[in-house]
Each structure stands twice: as structure tokens, then as C-alpha cells.
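Here is the structure we will look at.
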Amino acid sequence: MSAIHTLLGHLDRAKQTKPGSWAAACPCCQSRLGRPVLVTETNDGRVLMHAFCGCETKTVLDAIGLTFTDLFDAPLTFHASPTKARFSARDLLEVISKEMSVVAVIASDLLARRAISVEDWARLALATQRIGVARDYVR
Ligand SMILES: [Zn+2]
């Protein structure tokens with residue numbers, strides 16, 4: 001079973017909100033304030049989860065008997081791209097640098113315990129996906 005299906009199978013009231021994204025009730029607080037747990041599957045099979053209710057991700061995972069490693073289909077490995085690189089290392093570093101800036105801005109909001117929007121969460125998932133794609137171009 002894939003990581004996303006394992007996770008969704010442990011969450012109550014999981015509902016797909018768009019391709020690759022779901023909202024579910026938090027197993028810790030049942031999302032009583034109407035703030036769900038959002039789950040996103042990236043194109044490379046990684047699963048991202050954020051509890052908008054404010055519960056810690058580890059606490060949510062503990063509540064359903066899963067661990068962070070359950071969010072990955074396979075152990076993360078570094079491998080050469082099967083395709084010929086079409087971008088220079090500088091181009092790839094530019095992409096990674098820009099995406100890391102996005103991650104840093106959203107992470108600073110999280111650190112300051114400011115609420116992040118569903119759109120911010122989707123942008124964070126996109127940044128993670130783009131960094132993964134850039135990584136796959138590197139030999
Ligand atoms: Zn919660």
C-alpha cells in the first residue's frame with residue numbers, strides 16, 4: 001500500500017479537495033475549530049502533512065500509530081537521473097534557491113506560530129516538489 005493510502009486509511013473524514021490533496025479530521029482534537037489536517041502527495045510519492053488545528057505533526061502521527069517514515073513509499077535515496085540533464089548546474093541552483101526562499105518564508109510564519117493559509121501550504125508542497133525535480137536532474 002502506498003504511503004498516501006496508508007495515511008488516509010488512518011484519518012477520519014478524509015475528503016479529496018483536489019488532485020493529490022486531502023483534508024481530514026485531526027485525530028488529536030477532531031478539528032473542533034474547523035481547522036483540518038491537510039495531506040498532499042507530491043509527484044515523486046512523498047507525503048506532506050500539516051495540521052491547521054495547531055497540533056504537532058508528530059503528535060498526529062503518534063495518535064494514529066504511524067511514524068514519519070510511513071510518509072515515504074521508499075527510503076529516500078540519491079540517484080542519477082535517467083534522463084540527460086537539460087539544465088546547467090547554475091540554472092538548477094537558481095531554481096532551488098528561489099524555492100528555498102519560499103520554504104524559508106513559510107517556515108518563518110510557522111516558527112512565529114502565525115496561521116498559514118491553504119494556498120501557502122499548497123505553495124510549500126509545490127516548492128518541495130520542484131526541489132525534488134531539480135535534484136533528479138543532477139548526476
Ligand atoms: Zn488537532
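Yes/no per residue for (1) among the charged types (D, E, K, R); (2) free of Cβ contacts under 8 Å to residues at least 24 places away in the same chain:
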residue	(1), (2)
Ile96	no, no
Ser101	no, yes
Val105	no, yes
Leu111	no, yes
Arg114	yes, yes
Ser117	no, yes
Arg123	yes, yes
Thr128	no, no
Val138	no, no
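Listed conditions (1) surrounded by 14 or more Cβ atoms within 10 Å (Cβ to Cβ); (2) at pLDDT below 90; (3) farther than 20 Å from Ala127 by Cα are all met by Cys28, apart from (2).
Residues of segment 97-124 that are modelled with pLDDT of 85 or more, surrounded by 17 or more Cβ atoms within 10 Å (Cβ to Cβ) and not charged (D, E, K, R): Val102, Ile106, Leu124.
When only residues in segment 34-64 that are touching a strand residue (DSSP E or B) at 6+ places or on another chain (Cβ under 9 Å) and among the polar types (S, T, N, Q) count, which is farthest from Ile4 (Cα to Cα)? Per the stated criteria, the residue is Thr59.
The values are calculated or read from the model by the stated rules, or taken from the named source; none is laboratory data. This one's a predicted model, so the numbers in the text were calculated from it and none came from an experiment. Virtual Cβ from ideal backbone geometry, glycine too; neighbours counted across all protein chains shown.
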